[in-house]
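> So that we are looking at the same thing, I have put the structure below in structure tokens.
The values are calculated or read from the model by the stated rules, or taken from the named source; none is laboratory data. On a predicted model such as this, the values are computed, not experimentally measured, just so you know. Neighbour counts are summed over all protein chains in view; Cβ atoms, including those assigned to glycine, are modelled from backbone coordinates with ideal geometry. Remember, those area values only see protein heavy atoms, side chains included, never the ligands or the DNA or RNA. Shrake-Rupley method; radii C 1.70, N 1.55, O 1.52, S 1.80 Å.
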Amino acid sequence: MTEVSSPVHFSEQMLETVDRLIAKYEKPECALLPILHLAQDQFGHLSPPVLNYVASLLKMPPGKVFDVVSFYTMFKTRDMGKWCLQICHNVTCTMMGAERLVHAAVESLGVGVNGVTEDKQFSLVTVECLGSCDKAPVMQVNNEFVERALDAEKVKNLIKDLREKGQTTFEEVTR
Amino acid sequence: MSTDVAVKKVSVTIDDKKVEVTPDKTVFQAAVEAGIFVPHYCYHPDLSIAGVCRMCLVEVDNAPKLQISCNTPVRDGMVVRTSSDKARQAQKGSLELHLINHPVDCPICDKAGECKLQDFYREFGLYKSRVELEDKVHKPKAKDIGTIVLDAERCILCTRCTRFTHEVTHTDELVIVNRGNRSELKTYDDGPLRNDYTGNLADICPVGALTARDFRFQQRVWFLEKKNSVCTMCARGCNTTVSVNPKTKKLYRVEPRRNPEVNKSWICDTGRWRYHYVYGESRLRTPEKISDGRVLESTWHQAFGEMKRALEDPSGIVIGLSTQLTNEEILELVLSFKESGVKHFVRIVDEQVIEERSPWDGVLKHRDHTPNAEGFARMFSMMNTKFLDCAGLAALVGEGNLRHAWFFGLEGEDVSWASRFVEALPEGVSLTLHATSRLPIWERAQWLLPAASAFEKSGTMVNALGRLQRLQAAIPRVSLARDGHAVAFGVQRGADRDAAPEARHVDLFEKLIAAPLLGREQVWKKLDPMGVALKERS
Ligand code: SF4
Ligand code: SF4
Ligand code: FES
Ligand code: FES
């Protein structure tokens with residue numbers, strides 16, 4: 001099993017998953033993306049110690065890992081709170097009113113784009129095309145799509161729901 | 001290197017010029033061989049091909065779209081146009097794209113005058129900007145990353161620097177983060193660069209994004225003249241240019257000169273920045289006589305006079321020669337002292353590294369910080385003369401006849417390896433030291449004579465790869481500093497009237513050194529600026 005010294009650690013069980021992922025590819029570094037997802041699930045966000053840890057697991061220069069992580073909007077490099085709202089602002093979604101969704105979210109949350117609420121419950125970011133242009137405008141909350149006839153009202157309701165009940169079924173709020 | 005079985009060449013026509021090249025070449029390389037310049041940012045002869053800048057687009061007959069010449073292999077019968085309307089249009093377009101977010105702050109940019117954005121804009125651009133200044137994406141400016149200053153806003157993302165830290169130094173400090181117009185070059189952890197070759201980054205960055213802290217704002221580059229020389233900070237002997245302002249005659253920077261056989265396009269940071277001792281506080285400027293711990297400024301005349309008198313009994317004298325001296329100086333000093341009857345010569349070298357089996361650092365550097373140990377050995381075997389090592393010197397001391405030790409050519413402030421030779425001398429032996437700098441380890445000397453530095457003298461040296469190379473004076477000698485030739489002449493005459501003739505090294509090289517080393521006549525002036533590989537020493 002891969003063993004390295006680091007201030008952060010995967011559990012035994014996750015290290016087994018890591019090894020399985022690495023074994024799937026020709027070179028260890030090919031397993032970078034799935035392992036980053038794994039690390040994000042485990043540690044909440046990808047801090048420099050986590051990135052260094054991943055780099056050492058894959059025997060890659062840390063710089064390469066920082067480079068890849070910064071390229072993708074789906075990776076979080078700082079604490080983004082419990083619920084991370086990601087509103088797509090690419091061409092289709094913008095044409096279909098993404099900006100109104102952003103305004104609604106800013107209003108309800110009291111933080112701007114890239115902001116995190118003080119109670120660490122919510123954060124708001126805009127992201128590039130989520131690959132769901134046919135349902136534009138779309139938004140993603142953590143790993144869930146919210147993509148049904150979304151409008152400002154629904155965004156506000158969704159935030160309210162999350163804040164009050166601590167959770168929601170996304171289908172319900174958007175129906 | 002190449003085998004005699006000639007590879008079949010292919011013929012390519014570039015801008016109506018026909019060239020024959022080996023089939024492994026790219027269109028870009030074929031253009032270079034044809035003497036045709038194709039604009040480029042990301043291509044570098046000593047790095048892998050990236051093909052990201054799109055500046056080198058050319059028109060290839062039968063290809064529907066323009067091709068990047070740096071990554072297009074040649075084909076037999078290929079017809080290429082590098083400056084057709086279509087190609088020019090594309091080059092202009094690429095340039096415009098590069099400049100969209102560029103701050104164009106040339107007046108306060110230290111790269112101005114040697115910046116490829118400036119050069120290519122004049123040559124291939126000359127369009128009117130369609131971007132308002134306030135619409136540009138801004139990024140960090142003048143960020144401290146150690147020896148280099150990074151201006152991310154000026155970076156055109158050619159990736160030369162990231163390829164350098166990945167492929168040459170294997171340290172991977174530099175990365176490009178983010179995407180699109182927010183892409184930014186940085187050290188991944190915002191820390192300093194951590195390799196011994198950082199200065200090369202300022203050389204290969206085609207724009208003002210990476211500049212060397214040592215050289216920034218010292219001189220506008222158009223005031224400088226470059227002289228070809230070689231680095232003398234280790235036994236690799238990297239080929240260099242030394243930049244001097246012809247008005248002030250001052251040396252401002254040392255840069256690599258490309259030589260695929262020795263240093264490719266690189267030099268280490270030591271070779272680049274250690275030159276400051278030339279103007280340093282510790283630099284010896286006039287001969288000094290030290291008696292009873294008191295330092296008295298003296299003259300060459302007096303020094304030569306005393307040495308000449310001592311030569312009346314040559315058996316009590318040992319001559320130490322640093323392997324930092326040129327071949328010609330070694331020859332001059334040994335021949336002249338032998339003629340006076342001196343019998344004992346010592347090689348002053350870093351003895352701990354000289355016998356090492358793997359003395360290289362994996363990139364360029366050799367552990368021997370002296371440049372000419374190989375030349376030293378060849379000169380002595382040519383003259384059929386034996387030299388002593390430090391143990392030999394100690395044995396000689398043991399015999400009890402020694403009264404004078406004269407050590408020549410000790411250069412720089414980092415010569416701690418030479419102290420064991422000084423320590424081998426007992427109190428009763430008077431020490432005369434010809435060195436560039438006054439150092440604590442020279443404390444016991446009775447005479448300190450100012451030596452010309454490697455930037456102030458000319459001659460040849462042989463590097464650890466067995467290559468004969470030419471050192472050329474770039475600046476005048478500081479104050480009263482003298483090279484080995486002048487010293488040998490002065491001691492011979494016991495007076496300071498006749499300094500050595502100016503071109504003494506040329507004479508010695510052409511008459512005594514060239515033929516034995518090269519096996520043929522060789523005029524100094526025509527010696528290949530890239531040096532000549534010598535046959536192995538028997
Ligand atoms: S800093 Fe210079 S060398 Fe590095 S990518 Fe930018 S322009 Fe190229
Ligand atoms: S490797 Fe040696 S010769 Fe080359 S620049 Fe460095 S010190 Fe000079
Ligand atoms: S543009 Fe928003 S999902 Fe494609
Ligand atoms: S030099 Fe060819 S793409 Fe940059």
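> Return the only residue of B:Ala50, B:Ala63 being at pLDDT below 95 and either away from ligand 2 (no atom under 16 Å from the Cβ) or assigned to a strand (DSSP E or B) (or both).
Working: B:Ala50 fails: at pLDDT below 95.
B:Ala63 is the lone residue from the list that is at pLDDT below 95 and either away from ligand 2 (no atom under 16 Å from the Cβ) or assigned to a strand (DSSP E or B) (or both).
> With respect to B:Tyr127, is the statement that it is more than 14 Å from chain A (Cβ to nearest Cβ), assigned to a loop (DSSP other than H, G, I, E, B), of a type in the set (Phe, Trp, Tyr) and away from ligand 4 (no atom under 16 Å from the Cβ) true?
Details: more than 14 Å from chain A (Cβ to nearest Cβ): yes; assigned to a loop (DSSP other than H, G, I, E, B): yes; of a type in the set (Phe, Trp, Tyr): yes; away from ligand 4 (no atom under 16 Å from the Cβ): yes.
In short, yes.
> Residues in region B:141-157: is at least one assigned to a helix (DSSP H, G or I), within 16 Å of ligand 2 (Cβ to nearest atom) and open to solvent by less than 40 Å² (accessible area, probe 1.4 Å)? So that I can check it myself, show each step before the final result.
Looking only at region B:141-157, we keep the residues that are assigned to a helix (DSSP H, G or I), and these are B:152-154.
Add one more test, that the residue is within 16 Å of ligand 2 (Cβ to nearest atom), and what stays is none.
Among the residues of region B:141-157, not one is assigned to a helix (DSSP H, G or I), within 16 Å of ligand 2 (Cβ to nearest atom) and open to solvent by less than 40 Å² (accessible area, probe 1.4 Å), which makes the answer no.
> Just to be sure, is B:Ala391 open to solvent by 60 Å² or more (accessible area, probe 1.4 Å), of a type in the set (A, V, I, L, M) and either modelled with pLDDT under 95 or over 25 Å from B:Val278 (Cβ atoms) (or both)?
It is true that B:Ala391 is open to solvent by 60 Å² or more (accessible area, probe 1.4 Å), of a type in the set (A, V, I, L, M) and either modelled with pLDDT under 95 or over 25 Å from B:Val278 (Cβ atoms) (or both).
> Moving on. For B:Val295, work out the one condition from (1) away from ligand 2 (no atom under 16 Å from the Cβ); (2) assigned to a loop (DSSP other than H, G, I, E, B); (3) not hydroxyl-bearing (Ser, Thr, Tyr) it doesn't fulfil.
Tallying (1) away from ligand 2 (no atom under 16 Å from the Cβ); (2) assigned to a loop (DSSP other than H, G, I, E, B); (3) not hydroxyl-bearing (Ser, Thr, Tyr), B:Val295 fails exactly one: (2).
> Additional query: Residues B:Gly199, B:Gly237: which one is in contact (Cβ under 8 Å) with a residue 40 or more places away in the chain and within 15 Å of ligand 1 (Cβ to nearest atom)?
On the way: B:Gly237 fails: within 15 Å of ligand 1 (Cβ to nearest atom).
It is B:Gly199.
> What number of residues within region B:335-387 are closer than 15 Å to B:Ile317 by Cα and of a type in the set (Gly, Ala, Ser)?
Within region B:335-387, residues that are closer than 15 Å to B:Ile317 by Cα and of a type in the set (Gly, Ala, Ser) number 3.
> Okay, moving on. With the condition kept exactly as written, say whether any residue in region B:434-452 is away from ligand 1 (no atom under 16 Å from the Cβ), away from chain A (no Cβ under 14 Å), outside any strand (DSSP E or B) and touching a Lys or Arg at 6+ places or on another chain (Cβ under 6 Å). I'd like the intermediate steps shown before the answer.
Step one: filter region B:434-452 for residues away from ligand 1 (no atom under 16 Å from the Cβ), giving B:434-452.
With away from chain A (no Cβ under 14 Å) added as a condition, the list becomes B:434-452.
From what's left, outside any strand (DSSP E or B): B:436, B:438-446, B:452.
Subsequent filtering for residues that are touching a Lys or Arg at 6+ places or on another chain (Cβ under 6 Å) retains B:452.
Yes, region B:434-452 contains a residue that is away from ligand 1 (no atom under 16 Å from the Cβ), away from chain A (no Cβ under 14 Å), outside any strand (DSSP E or B) and touching a Lys or Arg at 6+ places or on another chain (Cβ under 6 Å).
> Please state which one of B:Glu374, B:Glu411 is farther than 28 Å from B:Ser282 by Cβ, buried (at least 17 other Cβ atoms within 10 Å of the Cβ), acidic (Asp, Glu) and in contact (Cβ under 8 Å) with a residue 40 or more places away in the chain. Outline the logic, then answer.
Details: B:Glu411 fails: farther than 28 Å from B:Ser282 by Cβ.
The unique qualifying residue is B:Glu374.
> Out of all the residues in region B:441-485, which are surrounded by fewer than 24 Cβ atoms within 10 Å (Cβ to Cβ) and of a type in the set (Val, Ile, Thr)?
B:Ile441, B:Ile475, B:Val478
> Can you tell me which residue is least open to solvent (accessible area, probe 1.4 Å) among those in region B:487-535 that are basic (Lys, Arg) and outside any loop (DSSP other than H, G, I, E, B)? Break it down stepwise before answering.
So in region B:487-535, the residues basic (Lys, Arg) come out as B:493, B:497, B:504, B:511, B:520, B:525-526, B:535.
Keeping just the survivors that are outside any loop (DSSP other than H, G, I, E, B) gives B:493, B:504, B:511, B:525-526.
Values: B:Arg493: 109, B:Arg504: 53, B:Lys511: 147, B:Lys525: 174, B:Lys526: 165 Å².
By that ranking, first place goes to B:Arg504.
> Residues that are more than 14 Å from every other protein chain (Cβ to nearest Cβ) and among the hydrophobic types (A, V, I, L, M, F, W, C): which helices (runs of 4 or more DSSP H) entirely in region A:1-92 hold 1 or more of them? Let's see the steps before the verdict.
Values: elements: A:12-24, A:32-43, A:48-58, A:62-71.
Output list reads A:12-24, A:32-43, A:48-58.
> Show me the strands (runs of 3 or more DSSP E) entirely contained within region B:165-268 in which 1 or more residues are within 15 Å of ligand 2 (Cβ to nearest atom). Talk me through it step by step, then tell me what you get.
Working: elements: B:174-177, B:184-187, B:210-212, B:225-230, B:239-245, B:250-256.
Of the strands (runs of 3 or more DSSP E) lying wholly inside region B:165-268, those with at least 1 residues that are within 15 Å of ligand 2 (Cβ to nearest atom) span B:210-212, B:225-230, B:239-245, B:250-256.
> Given (1) more than 21 Å from A:Ala152 (Cβ to Cβ); (2) away from every other protein chain (no Cβ under 14 Å); (3) more than 21 Å from the chain's Cα centre (by Cα); (4) open to solvent by 40 Å² or more (accessible area, probe 1.4 Å), identify the lone condition not met by A:Arg100.
(1)
> Considering only region B:199-237, state which residues are on the phi > 0 side of the Ramachandran plot and surrounded by 24 or more Cβ atoms within 10 Å (Cβ to Cβ).
Just the residues of region B:199-237 that are on the phi > 0 side of the Ramachandran plot, to begin with: B:217, B:237.
Of everything in region B:199-237, just one residue is on the phi > 0 side of the Ramachandran plot and surrounded by 24 or more Cβ atoms within 10 Å (Cβ to Cβ), namely B:Gly237.
> Name the pairs whose Cβ atoms lie under 8 Å apart, with the first residue in region B:39-50 and more than 19 Å from B:Phe120 (Cβ to Cβ) and of a type in the set (S, T, N, Q), the second modelled with pLDDT of 95 or more and crowded, with 19+ Cβ neighbours inside 10 Å, and 6 or more positions between them or separate chains?
B:Ser48/B:Arg163
> Could I ask something else about it? With the condition kept exactly as written, say whether any residue in region A:149-169 is of a type outside the set (D, E, K, R), touching a Gly at 6+ places or on another chain (Cβ under 7 Å) and more than 21 Å from A:Met80 (Cα to Cα).
Taking region A:149-169 as the starting set, the residues that turn out to be of a type outside the set (D, E, K, R) are A:149-150, A:152, A:155, A:157-159, A:162, A:166-169.
Now drop any that are not touching a Gly at 6+ places or on another chain (Cβ under 7 Å), which leaves none.
No.
> What's the total number of residues in region A:45-65 that are open to solvent by 30 Å² or more (accessible area, probe 1.4 Å) and more than 11 Å from the chain's Cα centre (by Cα)?
8
> What tally of residues in region B:23-42 results from selecting those that are open to solvent by 30 Å² or more (accessible area, probe 1.4 Å) and more than 16 Å from ligand 4 (Cβ to nearest atom)?
4
> From the list B:Glu312, B:Glu351, B:Glu339, B:Glu355, which one is modelled with pLDDT under 95, loosely packed, with under 15 Cβ neighbours inside 10 Å and not basic (Lys, Arg)?
Numbers: B:Glu312 fails: modelled with pLDDT under 95; B:Glu351 fails: loosely packed, with under 15 Cβ neighbours inside 10 Å; B:Glu339 fails: modelled with pLDDT under 95.
After ruling out the rest, the residue left standing is B:Glu355.
> Do we have A:Val125 as outside any loop (DSSP other than H, G, I, E, B) and open to solvent by less than 30 Å² (accessible area, probe 1.4 Å) here? Walk me through it before giving the result.
Working: outside any loop (DSSP other than H, G, I, E, B): yes; open to solvent by less than 30 Å² (accessible area, probe 1.4 Å): yes.
Spelling it out, A:Val125 is indeed outside any loop (DSSP other than H, G, I, E, B) and open to solvent by less than 30 Å² (accessible area, probe 1.4 Å).
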